[in-house]
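Notes follow once the structure below has been shown.
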Amino acid sequence: MALLTLPVLVLWTLTLLFALSSALALPMDSADSSSLTKHCTNFLTNPSFEAGELPWLAMVTGSWETRGIWASSSGGHSGSNYYYGLSNSTIETSITLSQSGLSISPGQVNCSAWVASSRPGNMGSTRIEVYLDDVSCAPAVQVGTTGWMKVGGTVGVQDVEGGHTLAVVIVGDVATDEGWSISLDDLSVGSGC
Ligand SMILES: *[C@@H]1O[C@H](CO)[C@@H](O)[C@H](O)[C@H]1NC(C)=O
Ligand SMILES: *[C@@H]1O[C@H](CO)[C@@H](O)[C@H](O)[C@H]1NC(C)=O
């Protein structure tokens, strides 16, 4: 008797557990994905360059062969547009892309950017750091040649007059004659993006 009931009990328990977990798991999964899309708050205007360059401001040092909004059928990180810069300098050059006058609710915010970098010949490196109001969102990231990756982190919103400023600072050091290039897309300051 006991030999028969034990496997039956185990089987019954497993069936019940499975039924319970699948009943619980399905509604939780769909609730998670809908709250992810619902809760993306981005205080930036035109964060993915789909509407062109404005109101972004680019400041550069050194020599640049080309820079601005590029459109590609294979797309940026999202959509077709992204910001692209190709520096033809063999010594240090930099580009800072910023957006000012942002109205941001106080508290902790996430600030981030998607970047892709190319350094022909694998010489030197490109340093990328995201700032909100001159406060770094995360330690600088040092890259060579890489596909799309997200950089940035979390920062406390400071009290400033005249709105907040998000800036992505990119510095490329010694390069080959082919220079180095950077692509930027999907910048965000806010949460859940
Ligand atoms: C870099 O590109 C610009 C624009 O095409 C050009 O005027 C400049 O001479 C180039 N500099 C170097 C070092 O190749
Ligand atoms: C976004 O900010 C929250 C705190 O406000 C933090 O817990 C979370 O790790 C941040 N996410 C990223 C990707 O930095």
Among 178-185, 107-114, the order from most to least packed when residues are scored by Cβ within 10 Å on average: 178-185, 107-114
Kirkwood hydrodynamic radius, computed over distinct alpha-carbon pairs, for the range 41-191: how many Å, to one decimal? 15.5 Å
Scan around residue 145 for amide H atoms under 5 Å from its own, H built in the peptide plane at 1.01 Å from N, and keep only partners 5 or more places away or cross-chain. 119
Rounded to a whole number, what % of the accessible area of the range 82-144 do carbon and sulfur atoms account for, probe 1.4 Å? 49 percent
Can you list residues from other chains, or at least 5 along the same chain, whose modelled amide H is less than 5 Å from the amide H of residue 137? 130, 131, 132
Add +1 for every Lys or Arg and -1 for every Asp or Glu among the other residues with Cβ under 15 Å from the Cβ of residue 124, and state the total. -2
Which value, in Å², gives the accessible area per residue of the range 41-191 when a 1.4 Å probe is used on the protein heavy atoms? 46 Å²
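The values are calculated or read from the model by the stated rules, or taken from the named source; none is laboratory data. On a predicted model such as this, the values are computed, not experimentally measured, just so you know. Backbone-built Cβ (ideal geometry, glycine too); neighbour counts: all protein chains shown. For accessibility, only protein heavy atoms count, side chains too; no ligands or nucleic acids. Shrake-Rupley method; radii C 1.70, N 1.55, O 1.52, S 1.80 Å.
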